[in-house]
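The values are calculated or read from the model by the stated rules, or taken from the named source; none is laboratory data. Bear in mind that the values here come from a model prediction, so they are computed numbers and not experimental data. Every residue, glycine among them, receives a Cβ derived from its backbone with ideal geometry; neighbour counts consider all protein chains shown.
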Amino acid sequence: MPRDRSVLVTSDKETLAYYGKAAGEYAERTAHLDKDPALDAFLAQVPPGGRVLDLGCGPGVMAARMAGEGFAVVATDAVPEMVEMAAVSPGVEARVARFDEIEGEAEFDGVWANFSLLHAPRGDLSGHLRAIHRALRPGGQFHIGMKTGEGERRDELGRLYTFVTEVELRGLLADAGFAPISDRRGREAGMSGIPEDWITILSEAI
């Protein structure tokens, strides 16, 4: 299962340009991802009918499942082509937005950032996580997926990535006010075809 999915709310022009051109192919290759066990775990923790932000929704596969199960879904991405696809699903409120446009206070019961924040510059991650914490209601659920490693670099397709160690990610979450509940790890190849390590962490806003 490719893990560089539900991609972008970033401001890197080269990364955005790639996803704009590859939106159709990306949608085809990620059409099955609504069956992700991590999504099952996340939705099981969000109150029925709760308001959820899909941050970096890509073509909206996971947002569509959330809406189909009765959640009130706001789906954001910085790629207009992705947002157009996400907006087709009934019950999904899709918007073009970047990470630095996370607004609101105590607005959501859950935030799903599934391998999207890995496109944010390392120096911006802590600020984005604090904004997500503010946007969540007390006890709100936050899912984050990141590729693990060190440094920042572009892949073979020109996409900019920020890699984090597990220790670093857990520290960032704790500093932003999150308490981890569960995690998953793996190693898989995405659009570039290069296998890479990843981690997802489900946390609660405290």
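Scoring Asp109 on the criteria (1) under 23 Å from Tyr26 (Cβ atoms); (2) touching a Pro at 6+ places or on another chain (Cβ under 6 Å) leaves a single failure, condition (1). Within the range 64-101, the set of residues being within 17 Å of Ala120 (Cβ to Cβ), buried (at least 22 other Cβ atoms within 10 Å of the Cβ) and of a type in the set (A, V, I, L, M) comprises Ala78, Val79, Met82. Does the range 85-93 include one or more residues that are out of contact with any Pro (no Cβ under 9 Å at 6 or more places or on another chain), in a helix (DSSP H, G or I) and among the polar types (S, T, N, Q)? No - not one qualifying residue is present in the range 85-93.
Pairs meeting the criteria (first residue in the range 187-206 and among the basic types (Lys, Arg), second residue in a strand (DSSP E or B), beta carbons under 7 Å, at least 6 apart or on different chains) are Arg187/Pro195; Arg187/Glu196; Arg187/Asp197. Restricting the first member to the range 33-49 and to residues that are under 20 Å from Ala86 (Cβ atoms) and among the β-branched types (Val, Ile, Thr), and the second to residues that are modelled with pLDDT under 95 and surrounded by 11 or more Cβ atoms within 10 Å (Cβ to Cβ), no beta-carbon pair is closer than 8 Å while six or more apart or on different chains. Are any of the residues in the range 105-126 farther than 22 Å from Leu169 by Cα, of a type in the set (A, V, I, L, M) and in contact with a strand residue (DSSP E or B) (Cβ under 7 Å, 6 or more places away or on another chain)? Within the range 105-126, one or more residues are farther than 22 Å from Leu169 by Cα, of a type in the set (A, V, I, L, M) and in contact with a strand residue (DSSP E or B) (Cβ under 7 Å, 6 or more places away or on another chain).
Residues that are in contact with a helix residue (DSSP H, G or I) (Cβ under 7 Å, 6 or more places away or on another chain) and over 28 Å from Glu107 (Cα atoms) were ranked within the range 148-183; the one that is modelled with the highest pLDDT is Thr148.
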